[in-house]
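Comments concern the structure below.
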Amino acid sequence: MTADSRAAALGDAPASDAPPSGAPPSGAALFERDGSRLVPTDRARGPWRRDALHGGAVAAVLANAVDVPEWTPARLTIDMLGPVPDVPLTLDVTRPEGGRRVVRQEITLLADGAPVARASCVAVRKSDLDLPEGAVDHPNPFGGVPVPDLSTPTPGAREAVGWDCFDSGAIRVRGLGESGVPAGSVGLWVSLLVPVVAGEPAPPIARVAAAADYASTATNMRLDQREWSFMNTELTLHLSREPAGSWVGLAAAGVVQPVGAGLSVSTIYDQAGRLGQSAQALVIEARKIRT
């Protein structure tokens, strides 16, 4: 998210009952299938450079490939091996392997046959446990707060970035405000508005992976994106159950240091309450002119 679009995204405008005139057109998606290839659309582009994909789009397409229907994904680690180019991509997905309680699956995203990102999923056996009363109760800053209008992409994103991108065409981010989140943190509502792949519904884990990339908004509160870049090198999600609903809530915090490393962390919520947590390792650099 850019410094300019951040202000709009974190605004306190109430939900609107007006028709979503700025909603993505029917059929919009991050990727389109062309045989075995996944072709990025302009909605998958990132803000740092025009020829590279957004980290949220990369996280979403890798999570979209997780295939463990009889298991609960408990951890998803995504490694960005470099800027993911805006070119047709392919996926290499292994069969889940493991024992009775835990399985693992590996997913590789390739450009022209070379790996550009990888994901590793750890999934646990599904159960139906009778837990003690109160065991699943956690403080929830999003509980009882009216959900704002999340039907249209983040306003001002295209103008701030300079081209059509993930922020301007695929996702909506709005601020929760400071109520209920720890000091130094930012609360965000995040909603992925388009399918990951055209014609295919986005699985819940893909929506969460795309949203978790926005924990770096907390870093954006510390560093002006017009002067600094903070690209994520990886994203790790820990989840306690299947995500529920169409939106994701983040209580995010950022840490930056002059050595050039940074960290974004978030506690993740959805309509059913606390869901999990995420962390990203960031590369902090003085901003260069975009090409």
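The values are calculated or read from the model by the stated rules, or taken from the named source; none is laboratory data. Fair warning: this is a prediction, and the values are worked out from it, not measured in the lab. A quick note on method: Cβ atoms are made from the backbone with ideal geometry, for glycine too, and the neighbour counts reach across all protein chains shown.
Of the candidates Ala63, Ala29, the single residue that is part of a helix (DSSP H, G or I), surrounded by 20 or more Cβ atoms within 10 Å (Cβ to Cβ) and either modelled with pLDDT of 95 or more or in contact with a His (Cβ under 6 Å, 6 or more places away or on another chain) (or both) is Ala63.
Filter region 68-111 for residues that are among the β-branched types (Val, Ile, Thr) and under 21 Å from Asp42 (Cβ atoms); which is surrounded by the most Cβ atoms within 10 Å (Cβ to Cβ)? Walk me through it before giving the result.
Within region 68-111, the first condition is being among the β-branched types (Val, Ile, Thr), and the residues that meet it are 68, 72, 77-78, 84, 87, 90, 93-94, 102-103, 107-108.
Narrowing the set further to residues that are under 21 Å from Asp42 (Cβ atoms) leaves 84, 87, 90.
Values: Val84: 23, Val87: 13, Thr90: 14.
This residue is Val84.
Look at Thr154 and say whether it is crowded, with 16+ Cβ neighbours inside 10 Å, touching a strand residue (DSSP E or B) at 6+ places or on another chain (Cβ under 7 Å), part of a strand (DSSP E or B) and hydroxyl-bearing (Ser, Thr, Tyr). When the stated conditions are applied, Thr154 does not pass them. Cβ separations smaller than 9 Å between residues 6+ apart or across chains give the following pairs from region 132-145 residues that are touching a residue at least 24 places away in the same chain (Cβ under 8 Å) to residues that are surrounded by 10 or more Cβ atoms within 10 Å (Cβ to Cβ) and among the acidic types (Asp, Glu): Phe142/Asp270. With respect to (1) loosely packed, with under 12 Cβ neighbours inside 10 Å; (2) in contact with a His (Cβ under 9 Å, 6 or more places away or on another chain); (3) of a type in the set (A, V, I, L, M, F, W, C), the lone exception for Cys165 is condition (1).
Among the residues making up region 168-189, those that are out of contact with any Leu (no Cβ under 7 Å at 6 or more places or on another chain) and crowded, with 17+ Cβ neighbours inside 10 Å are Ser168, Gly169, Val181, Ser185, Val186.
Counting only strands (runs of 3 or more DSSP E) that fall entirely inside region 67-148 and contain at least 2 residues that are touching a strand residue (DSSP E or B) at 6+ places or on another chain (Cβ under 7 Å) and within 16 Å of Ala209 (Cα to Cα), the qualifying elements are 71-80, 102-111, 114-125.
The residues of region 136-151 include none that are loosely packed, with under 11 Cβ neighbours inside 10 Å and either over 21 Å from Ala251 (Cβ atoms) or of a type in the set (Ser, Thr, Tyr) (or both). Listed here are the strands (runs of 3 or more DSSP E) enclosed by region 190-291 that have at least 3 residues being crowded, with 17+ Cβ neighbours inside 10 Å and modelled with pLDDT of 90 or more: 234-239, 248-256, 261-270, 273-286.
Of all residues in region 185-206, those that are within 19 Å of Arg37 (Cβ to Cβ) have Cβ atoms under 6 Å from Cβ atoms of residues that are among the acidic types (Asp, Glu), 6 or more apart or on another chain, in Ala198/Glu32.
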